[in-house]
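What follows is one structure encoded as structure tokens, with my remarks underneath.
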Amino acid sequence: MRALFPAWARVAALLPVLVLMVALIPAPGLAMDPDPALADPAQQQLYERLTSEVRCLVCQNQTIGDSSAPLAADLRHEIRQMIEAGRSEAEIKTFLLDRYGDFVLYRPRFMPTTALLWLAPVLLLLIGGFGLRRIIQRRAALPVPTDDEDGPPAAT
């Protein structure tokens, strides 16, 4: 059986996909931290945890560990310096929160201003469950037709 399209047309159709794949390959490598790992494994673990919890203020949908933005690189460097200086995780987070606000953390603190953010999923589940319960109760209260009612119409 003969192909519908010549070979060159099939290759030409795949070319944009191949170009896109090649263009996306180096993207994760740009965000890698060029500095060597910290000497203490506990400090390195803290560094990696913090860089995965802090939001890139330029990209906003990436952590500073994943971002290649210059501001993210500066924040990674600043966090590294604070860890090397012996500051605790709480001290580093307090510094970042004081400087950039609650938006800098992917998991913001529970405060009156962020209460709705934390409670909204639970509230929405409760509202949905209550609505589903009401629908089920109303449908259960509807009369059930009997076989007599479903019969053929009476002849007149």
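Just to be sure, is Ala85 loosely packed, with under 10 Cβ neighbours inside 10 Å and closer than 19 Å to Asp35 by Cα? Write out each step before concluding.
Working: loosely packed, with under 10 Cβ neighbours inside 10 Å: yes; closer than 19 Å to Asp35 by Cα: yes.
Answer is yes for this residue.
Looking across segment 88-145, the residues that are under 27 Å from Arg76 (Cα atoms), small (Gly, Ala, Ser) and surrounded by 10 or more Cβ atoms within 10 Å (Cβ to Cβ) come down to Ser88, Gly101. Per the listing Pro121, Pro152, the residue uniquely more than 24 Å from Ala37 (Cα to Cα), modelled with pLDDT under 90 and not assigned by TED's automatic domain parsing to the domain that holds Glu48 is Pro152.
Name the residues in segment 97-139 that are assigned to a helix (DSSP H, G or I) and among the β-branched types (Val, Ile, Thr), would you? Please lay out each step first, then the result.
Within segment 97-139, the first condition is being assigned to a helix (DSSP H, G or I), and the residues that meet it are 97-100, 102-104, 115-139.
Matches in segment 97-139: Val104, Val122, Ile127, Ile135, Ile136.
Table: residues versus (1) charged (D, E, K, R); (2) more than 24 Å from Pro41 (Cβ to Cβ); (3) in contact (Cβ under 8 Å) with a residue 24 or more places away in the chain.
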| position | (1), (2), (3) |
| --- | --- |
| Glu53 | yes, no, yes |
| Ala69 | no, yes, no |
| Glu78 | yes, no, no |
| Ile83 | no, no, yes |
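Only one residue in Ile83, Ile136 is in the same structural domain as Gln43 (by TED's automatic domain parsing) and of a type outside the set (D, E, K, R), so which one is that?
Numbers: Ile136 fails: in the same structural domain as Gln43 (by TED's automatic domain parsing).
Criteria check complete, one pass: Ile83.
What residue, among those in segment 12-48 that are more than 27 Å from the chain's Cα centre (by Cα) and assigned by TED's automatic domain parsing to the domain that holds Gly86, is modelled with the highest pLDDT? Per the stated criteria, the residue is Pro41.
The values are calculated or read from the model by the stated rules, or taken from the named source; none is laboratory data. Note that the coordinates shown come from a computational prediction; the quantities given were computed from them, not determined experimentally. FYI the Cβ positions are ideal-geometry reconstructions off the backbone, even for glycines, and counts take in every protein chain you see.
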